[in-house]
Amino acid sequence: MTMKMLVAAALSAAVILPGAAMAGDAAAGAAKSASCNGCHRAGNPTAPVLDGMPEMYLVNAIMAYKPGGTRQNPTMTAMVAALSAGDAADIAAHYAGK
Ligand code: HEC
């Protein structure tokens, strides 16, 4: 198994497995998304407004900007570089309003 396959397996397991471990913590997400709001909060036309987007969509979108993911955008790849899957879940819960 290559490292890329291992990462893909880990990511899909994280997305598919249900349970508390993957449930995002909106309060933690509020703190972790401070650097995102400049571009993504309502009223700013430079990026999509994330408020109210579905939690699962947000998690998948965030992880897709990681290197090797399905979304290519240099700004966003830099923004999500340091985020773990848990961070993504927390941030998604925050923007989804959960
Ligand atoms: C400098 C501005 C900027 C910052 C800061 C920024 N983003 Fe983005 N973000 C963008 C742009 C531009 C896009 C659209 C990129 C594209 O075309 O794929 C985007 C796209 C996204 C999307 C996909 C939205 C959709 O409609 O599918 C998500 C989710 C996202 N960003 C999350 C974040 C998170 C989480 C952070 C903070 C860790 C963050 N962004 C910080 C500019 C920014």
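Readers should treat all values here as calculations from the given coordinates under stated rules, not as data from a laboratory. From a predicted model like this one, the values you see are computed outputs, not experimental measurements. Here the Cβ is made from the backbone with ideal geometry for all residues, glycine too, and neighbour counts use every protein chain on show.
Odds and ends about this structure:
- Overall form of the range 33-76 per C-alpha gyration tensor (a/c, 1.5; a/b vs b/c): oblate
- Note on Lys98 and Asp25: the model spin-label points, each 7 Å out from Cα along the C-beta direction, lie 1.5 nm apart.
- Using the Cβ of Ala88 as centre and a radius below 15 Å, the other residues enclosed give a net charge of 0, where K and R count +1 and D and E count -1.
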